[in-house]
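Structure, as structure tokens:
The values are calculated or read from the model by the stated rules, or taken from the named source; none is laboratory data. Bear in mind that the values here come from a model prediction, so they are computed numbers and not experimental data. When we count neighbours, we look across all protein chains shown, and the Cβ atoms used for this are built from the backbone with ideal geometry, even at glycine. Note: areas computed on protein heavy atoms with side chains; ligands, DNA, RNA excluded. Shrake-Rupley method; radii C 1.70, N 1.55, O 1.52, S 1.80 Å.
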Amino acid sequence: MLFPTRFFAPLLLLLTAACSSGESNKDPIFSAKFQNEKRIDEEAVTKRQLRDAEFLVDAASRKMQLLEISQIAQRKAASPDTRFVAQNLAATTAPLLRELQALAQQKKLVLPTGLGEEQGKQVGELTALNGAAFDQKFVDLLGSISNEDAEAYDDMGEEAYDGDIRALAARQLPILKDQHTAGETLQDKLKP
């Protein structure tokens, strides 16, 4: 027995909506890593290539978090020094993220489209603060993220399997070190 096409169209729409709502609940970082791992497994490539892909995912997620906290700090910071560091952070991080995105697209790798669960929690905690407590939390997050970023880039500048990723890591590392130094300088200024 054949059913008319108009019977299946609403059913297909409902099934698509149900599937896509489950997708939106996933952590974007986990989802990107999963998609990359699946593609790499299907192509039977090395574990080192998987590490390269995970590096790009993690680096992009840290850049997105830095952009997010810097935008918030530009609006909420109590200290002019904090606002200045936040402005510079946004100005230097956005091009780095675009370069990561272009390389990932070239390599046919998936990057997260939003912050991960833990990152979202950290941004939420920052947003809830005001005054000097906000500035201190901002500089703590900046220090933590920029330190992790610099260490990962330093490692991948030497150990990445892909030459383009090694080159990107080497190119971006000095900027990341400058960001980290700016965070340390700001932390010294904010000490009571």
Return the residues of the range 134-176 that are charged (D, E, K, R), more than 17 Å from the chain's Cα centre (by Cα) and farther than 20 Å from residue 73 by Cα; say none if nothing qualifies.
154, 155, 158, 159, 162, 164, 166, 171
State whether one or more residues within the range 41-48 are at pLDDT 80 or above and either assigned to a helix (DSSP H, G or I) or farther than 30 Å from residue 134 by Cα (or both).
yes
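Quick grid of which residues meet (1) out of contact with any helix residue (DSSP H, G or I) (no Cβ under 6 Å at 6 or more places or on another chain); (2) at positive phi; (3) hydrophobic (A, V, I, L, M, F, W, C):
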site: 129; (1), (2), (3): no, no, yes
site: 134; (1), (2), (3): no, no, yes
site: 139; (1), (2), (3): no, no, yes
site: 144; (1), (2), (3): yes, no, no
site: 149; (1), (2), (3): no, no, no
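Table: residues versus (1) part of a helix (DSSP H, G or I); (2) open to solvent by less than 60 Å² (accessible area, probe 1.4 Å); (3) of a type in the set (Lys, Arg); (4) over 14 Å from residue 69 (Cβ atoms).
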{"position": "129", "(1), (2), (3), (4)": "no, yes, no, no"}
{"position": "132", "(1), (2), (3), (4)": "yes, no, no, yes"}
{"position": "139", "(1), (2), (3), (4)": "yes, yes, no, no"}
{"position": "147", "(1), (2), (3), (4)": "yes, no, no, yes"}
{"position": "173", "(1), (2), (3), (4)": "yes, yes, no, yes"}
{"position": "178", "(1), (2), (3), (4)": "yes, no, no, yes"}
{"position": "184", "(1), (2), (3), (4)": "yes, no, no, yes"}
{"position": "188", "(1), (2), (3), (4)": "yes, no, no, yes"}
